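Down below is the structure, laid out as structure tokens.
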4 protein chains.
Amino acid sequence: MINVALFGLGRIGQMHGENLFKHPKFKLKYIYDTNKLLAQKSANKFKATAISDYRLALKDKKIDVIFIASSTATHIKFIRESAIHKKTIFCEKPLDLDLNKIVSCKKYIKKFSPKIQIGFNRRYDPGHYYLKKSIDQKKIGVLQKIIITCRDPAPPSYAYLKTAGGIFKDMIIHDFDLIRFYLKNDPIQEVFATTSDLSEYYKLFKSVNDHELATVVLKSKNGVLCTINNARHCTYGHDQRVEVFGTKGMLISNNKRDNEVEFSSTSGTNSKTKLLNFFIERYKEAYYLQLHDLADLTTKNKKPRANFDDGHQALILAVAAAKSLKTKKIIKIS
Amino acid sequence: MINVALFGLGRIGQMHGENLFKHPKFKLKYIYDTNKLLAQKSANKFKATAISDYRLALKDKKIDVIFIASSTATHIKFIRESAIHKKTIFCEKPLDLDLNKIVSCKKYIKKFSPKIQIGFNRRYDPGHYYLKKSIDQKKIGVLQKIIITCRDPAPPSYAYLKTAGGIFKDMIIHDFDLIRFYLKNDPIQEVFATTSDLSEYYKLFKSVNDHELATVVLKSKNGVLCTINNARHCTYGHDQRVEVFGTKGMLISNNKRDNEVEFSSTSGTNSKTKLLNFFIERYKEAYYLQLHDLADLTTKNKKPRANFDDGHQALILAVAAAKSLKTKKIIKIS
Amino acid sequence: MINVALFGLGRIGQMHGENLFKHPKFKLKYIYDTNKLLAQKSANKFKATAISDYRLALKDKKIDVIFIASSTATHIKFIRESAIHKKTIFCEKPLDLDLNKIVSCKKYIKKFSPKIQIGFNRRYDPGHYYLKKSIDQKKIGVLQKIIITCRDPAPPSYAYLKTAGGIFKDMIIHDFDLIRFYLKNDPIQEVFATTSDLSEYYKLFKSVNDHELATVVLKSKNGVLCTINNARHCTYGHDQRVEVFGTKGMLISNNKRDNEVEFSSTSGTNSKTKLLNFFIERYKEAYYLQLHDLADLTTKNKKPRANFDDGHQALILAVAAAKSLKTKKIIKIS
Amino acid sequence: MINVALFGLGRIGQMHGENLFKHPKFKLKYIYDTNKLLAQKSANKFKATAISDYRLALKDKKIDVIFIASSTATHIKFIRESAIHKKTIFCEKPLDLDLNKIVSCKKYIKKFSPKIQIGFNRRYDPGHYYLKKSIDQKKIGVLQKIIITCRDPAPPSYAYLKTAGGIFKDMIIHDFDLIRFYLKNDPIQEVFATTSDLSEYYKLFKSVNDHELATVVLKSKNGVLCTINNARHCTYGHDQRVEVFGTKGMLISNNKRDNEVEFSSTSGTNSKTKLLNFFIERYKEAYYLQLHDLADLTTKNKKPRANFDDGHQALILAVAAAKSLKTKKIIKIS
């Protein structure tokens, strides 16, 4: 069994807690959150020990993995300290909102050669991953286009948006990463981004200097054209589609639903049930599957699908997109 | 140009009139209907001559084709007389409601070796015909099951039902024929039929000794199991699906729609527009395509997809189904 | 925690073992199988105790549930003894192959009023169950037709077939039960069944007096027409579809796949990945979900979706279908 | 009957000839092409008169409509002369490749107030038009995104490409127009375009200074974000999809096929037949339907869906896209 300390008990931290508890290879030992009551409650649920000083987990030699699901601002600090203590590290996305902090962390932890996995869950989604394998197997010939649709069912709260870092760093970072995953060794060289605000949420987004809708176009060194179509709201659920087009065909990873029922009546035919509502339901399987990689990283030092550098590179694209929006120019990535 | 005389101007006769008028190989010369006013109106529309005595068409040497779309009770009479006059004959389904009349007609017209095509339009539907070709090409290996769904959007009127001959001879005769088309040289040997009446239309059907719902199971000599699922009403349109299953795969000929639009909203996702409403819209293409065969039958004596014997055999199955329903037994076809 | 003793470690017993092990409400305490080595191996895996005398479990007061996944012939015996010992009972389908044994068991255990759940897993499939709820909510108006397609990916072994009881009692029993589930208080009154053997498996099935293909038609007291289309093999996976048709619409519970990917290339468009291969993958979720009912049955005496009588009634239909096949008659259920 | 003179007998001119010949409201009287033999052949086929001097048609008072399907370079000249002669004008897209010629033509013909329809056939496609109606009916609430996929099955010949004007003016002009159709009174204000060349066709496109792949992003005054994803080749047919997203839902106008057949086998399930191969098949219905508008324009002076100004505005967007590509900047439309 791999002993884990979980840091952070927000919505996503609680979900990770459940997965770690159910997973046959992990033993959840410590739970840390600044909200002590919440930490205790979760500790009871998962038969773990609540700690009020996270250093206890770092110092405990029996702890193999530090699982960082705390607020973004704390990620780099926890990574640095976990690296010092030779722990295997899992860190939720984004690594941080500040590229400089990431670069200096990268330099600092280099000497510890830490094993780090980043929580880019889309890489583990069975459909999206099937596309990755098919691209690598040349099933669609030469890859030419990647088109991602990502629409959240409803905008986040003002409180969340205030510190989230904006649509590029918070939401589209997943899509930047997925594009990098598919492109493999072919780096992005150009980024163009535009946004819009048209709905009743206009004021909410304006109040945090963020946006409701975005379209991003990226071009790789080889010439692959990538388009990301995002929206912060979507009446019909969490719309998550990926299309890849090549010289020999096209693959689409479509939306998922609770069941495969179709309804035909006077109001329409072949109507399907609603999409899975949000990321925790939609990527439920992916969140669980990425733990297998974490186990292999811990015990066999097997490279996970997403590492520290992937976290860094995705943020570089997010920063470039934000710059393109601000300057109304196409940004070159050197 | 092939000169045609059209007999009968009901809903289906008018549709045939339009198709013959548009078709580059046919010239609609005469139009005959007992309703003289209607005949004159259609004649004007299609630049043809209305006749009040159908024998004028038979006697006119320039007429190549007698196109019989009149009421079922007149079919055999018109076929006999057209055969005598050496005309190529197109006759709508069913040939007649009485097997004896068909058998004696068959004997009688034999000496004239008439060229006859029966209006089994489903054989010309691009989707249903694609299944036929695929079966013949062994695309699904050995054919094992045929499953037909046929649901009319709304029940016919009392007036229509009174003389239509019941659900087996009037409606399911199309499905009996389609099964025979797919089975080719493998004859049906057993027929089981059951019906039901569950909706508000109960009284309508009872008043004409007919039924709202039917299920028929047929077994061929080789052992192919065929199922027909019919209904006289269907809130979501004219449901027309055919499934064929074999040792190497399955083919489904699905429903057709006006367009390929899908709608996603709070009330469901991927909802498609309604099915084409009824047979004249649904089988529009098939009705037109069967004229190509009629042209080839007339000028090249090329065998059409459905001939007199097909009309006869389909009625034998309809009669057997009605007998199975009455006797509550499985009927053997010798 | 609910303490469970699992009897039987065939393919399905092992799957139940895994589910019980993972389920938060159950504690797998004893494992019994006539193969002692296998029992020990599974006991190690699930942290349970292997027993070579099943009576140990019955006598242990701490055991709440006897989970019967052993061979069909042992079901009734285990049910009787479990009832005597006041255990909550879960029993896999079919209850038995002999109606008389079921009837006498029913009489015998009556005095113990045992809590019994039968393993009709399809009742717990999210798609099939969605249809059940929709029928009850009158979403399709008056229920008129139920059409079930069930095709196994590949025929079972000779060894399995020899004792399985034939296609009606072994395989179609699930479909008989699902129809009863949807019909609720409207009993089946007529059964017609026909079978066929057309593929290379002909000899295998003949050797055990069983069949490769079957079609069954049932009619309920109210007049609902039900059709079951089965096959013992299917090149494209485990084909599992249910269609319900009513006066206001139609619902279809479609097949499930590993992912939602579509592929378009020169050889076709919108091609989806293969169906989930067999019942353990296809009904994975259903097998797990039915444990929630078992927990509620044990602790709250909440009626499960399928009870002893459901097991009994489904077998009555299977026996009637076999009789219809043999006598070539429509069988009335009194 | 409306008398028509058809100018130009390329692939598209011949198709228009057939449609005009079949259409009940039109009488094809003259056919003009610089290739006299071809003109004579088509004249025989459509029972028209071949003319070697197009002015004959202009001078004939009985001619109501000049139907311009000749090479792009001749469009403006024919429009000017037809306007002088008070003819109703149908002109294929694009109006011209040179904005200045269009502007000066516009000024010149103003005094004749000519009735002009432009051949933007996509506006008449039943699926794409259903989206237009639905947007206008607020079925998806406030329109927020338009995403068009347009992939031709195979690249045109070198000869065609040499004079076609490049991917924006020749191919994507349809998509620019469709976006304008959906946006109605909300003008495009920003255009960004990027292209790529990745396949074996690289040299072909380079030789004519054109491109294989393009992505264009446009933003309207209201803030609607529009994306166009194009390719000059597509192994699986003529991929033509339009998606519109709004505050209350999403509509997709999907691809069309020859039939609705799905095939399931060991190599995949629900595989559909190939897409209709190219624009003449794909937009067959649209090409015919736009003639209804031409008839109404001629006889009732009813505004067609696309007029001279629409042809002008679409070219402005094409020119802006080409400029964006060249300057690597976002182009503002004043």
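A single member of A:THR266, A:THR298 is polar (S, T, N, Q) and buried (at least 19 other Cβ atoms within 10 Å of the Cβ), and it is A:THR298. Flag: C:TYR288 does not match the condition of being within 23 Å of the chain's Cα centre (by Cα), within 15 Å of C:LEU178 (Cβ to Cβ) and of a type in the set (Phe, Trp, Tyr).
A:PRO24 satisfies every condition listed in (1) surrounded by 16 or more Cβ atoms within 10 Å (Cβ to Cβ); (2) not in a helix (DSSP H, G or I) except (1).
Taking the range A:203-220 as the range and being at the interface with chain D (Cβ under 10 Å from one of its Cβ atoms) and of a type in the set (Lys, Arg) as the test, only A:LYS219 passes.
How about the range D:34-95: which helices (runs of 4 or more DSSP H) wholly inside it have at least 3 residues that are within 17 Å of D:ILE109 (Cβ to Cβ)? Give the derivation first.
Details: elements: D:36-45, D:55-59, D:75-84.
Hits in the range D:34-95: D:75-84.
Answer yes if at least one residue in the range C:219-239 is among the hydroxyl-bearing types (Ser, Thr, Tyr), modelled with pLDDT of 95 or more and under 23 Å from C:ALA314 (Cα atoms), and no otherwise. Yes, the range C:219-239 has at least one match. For the range C:117-145, the set of residues classified as part of a helix (DSSP H, G or I) and more than 9 Å from chain A (Cβ to nearest Cβ) consists of C:ASN121, C:ARG122, C:ARG123, C:TYR124, C:LYS132, C:LYS133, C:ILE135, C:ASP136, listed by residue number. Screening A:LYS36 against (1) crowded, with 20+ Cβ neighbours inside 10 Å; (2) in contact with a Ser or Thr (Cβ under 7 Å, 6 or more places away or on another chain) leaves a single unmet condition, (1).
Here's a check for you: in the range D:193-202, which residue that is closer than 12 Å to D:LEU325 by Cα and in contact with a helix residue (DSSP H, G or I) (Cβ under 8 Å, 6 or more places away or on another chain) is nearest to the other protein chains (Cβ to nearest Cβ)? Quick ask: steps written out before the conclusion?
So in the range D:193-202, the residues closer than 12 Å to D:LEU325 by Cα come out as D:193-196.
Those left that are additionally in contact with a helix residue (DSSP H, G or I) (Cβ under 8 Å, 6 or more places away or on another chain): D:193-195.
Numbers: D:ALA193: 9, D:THR194: 6, D:THR195: 8 Å.
The residue in question is D:THR194.
With the structure loaded, tell me whether B:LYS300 is away from chain C (no Cβ under 14 Å), more than 28 Å from B:SER196 (Cβ to Cβ) and more than 14 Å from the chain's Cα centre (by Cα) or whether it fails that test. Taking the combined requirement at face value, the residue satisfies it. Residues of the range A:128-157 that are surrounded by 23 or more Cβ atoms within 10 Å (Cβ to Cβ) and at pLDDT below 95: none at all.
Taking the criterion of being of a type in the set (A, V, I, L, M) and part of a strand (DSSP E or B), the residues of the range C:202-223 that qualify are C:LEU213, C:ALA214, C:VAL216, C:VAL217, C:LEU218. Within the range C:312-331, residues that are touching a residue at least 12 places away in the same chain (Cβ under 8 Å) reach partners that are hydroxyl-bearing (Ser, Thr, Tyr) and not in a helix (DSSP H, G or I) with beta carbons closer than 7 Å, at six or more positions or on different chains, in the pairs C:LEU325/C:THR194; C:LEU325/C:THR195.
Considering every residue within the range B:184-192, establish whether at least one is surrounded by fewer than 18 Cβ atoms within 10 Å (Cβ to Cβ), away from every other protein chain (no Cβ under 14 Å) and closer than 12 Å to B:ALA314 by Cα.
yes
Screening C:ASP136 on (1) touching a residue at least 12 places away in the same chain (Cβ under 8 Å); (2) under 21 Å from C:TYR287 (Cβ atoms) shows it passes everything except condition (2).
The set of residues in the range B:30-51 being modelled with pLDDT of 95 or more and touching a helix residue (DSSP H, G or I) at 6+ places or on another chain (Cβ under 8 Å) consists of B:TYR30, B:ILE31, B:TYR32, B:ASP33, B:SER42, B:ALA48, B:THR49, B:ALA50, B:ILE51.
Is it the case that the range A:178-194 has a residue that's β-branched (Val, Ile, Thr), over 15 Å from A:HIS233 (Cα atoms) and part of a helix (DSSP H, G or I)? Let's see the steps before the verdict.
Just the residues of the range A:178-194 that are β-branched (Val, Ile, Thr), to begin with: A:179, A:188, A:191, A:194.
If we keep only those that are over 15 Å from A:HIS233 (Cα atoms) too, we end up with A:179, A:188, A:191, A:194.
Within this subset, residues satisfying the condition of being part of a helix (DSSP H, G or I) are A:179.
Scanning the range A:178-194 turns up at least one residue that is β-branched (Val, Ile, Thr), over 15 Å from A:HIS233 (Cα atoms) and part of a helix (DSSP H, G or I).
A count restricted to the range D:1-21 and to residues that are out of contact with any Asp or Glu (no Cβ under 6 Å at 6 or more places or on another chain) and assigned to a strand (DSSP E or B) stands at 4. Within the range D:73-87, if we keep just the residues that are crowded, with 20+ Cβ neighbours inside 10 Å and either aromatic (Phe, Trp, Tyr) or under 19 Å from the mean Cα position of the chain (by Cα) (or both), the residue that is nearest to D:TYR160 (Cα to Cα) turns out to be D:HIS75. Taken over the range D:246-283, the residue count meeting the criterion of being more than 7 Å from every other protein chain (Cβ to nearest Cβ) and either in contact (Cβ under 8 Å) with a residue 24 or more places away in the chain or within 23 Å of the chain's Cα centre (by Cα) (or both) is 10. Exactly one residue out of A:ALA159, A:ALA154, A:ALA231 is on the phi < 0 side of the Ramachandran plot, without any contact (Cβ under 8 Å) to a residue 40 or more places away in the chain and more than 14 Å from chain C (Cβ to nearest Cβ), and it is A:ALA159.
Among the criteria (1) within 14 Å of chain A (Cβ to nearest Cβ); (2) outside any helix (DSSP H, G or I); (3) out of contact with any helix residue (DSSP H, G or I) (no Cβ under 7 Å at 6 or more places or on another chain); (4) not aromatic (Phe, Trp, Tyr), the one D:ILE167 does not fulfil is (2).
In the range A:257-293, of all residues being in contact with a strand residue (DSSP E or B) (Cβ under 7 Å, 6 or more places away or on another chain) and among the basic types (Lys, Arg), the one that is nearest to C:PHE245 (Cα to Cα) corresponds to A:LYS272. Only residues that are in contact with a strand residue (DSSP E or B) (Cβ under 9 Å, 6 or more places away or on another chain) and buried (at least 22 other Cβ atoms within 10 Å of the Cβ) were counted across the range C:311-329, and they come to 6. When residues in the range B:230-281 are screened for being closer than 29 Å to C:CYS226 by Cβ, of a type in the set (A, V, I, L, M) and in contact with a Pro (Cβ under 9 Å, 6 or more places away or on another chain), 1 of them pass. Confirm whether A:ALA306 is part of a helix (DSSP H, G or I) and in contact with a helix residue (DSSP H, G or I) (Cβ under 6 Å, 6 or more places away or on another chain). Against the criterion (part of a helix (DSSP H, G or I) and in contact with a helix residue (DSSP H, G or I) (Cβ under 6 Å, 6 or more places away or on another chain)), A:ALA306 does not qualify.
The values are calculated or read from the model by the stated rules, or taken from the named source; none is laboratory data. Small disclaimer: the values here were computed from a predicted structure and weren't measured. Here the Cβ is made from the backbone with ideal geometry for all residues, glycine too, and neighbour counts use every protein chain on show.
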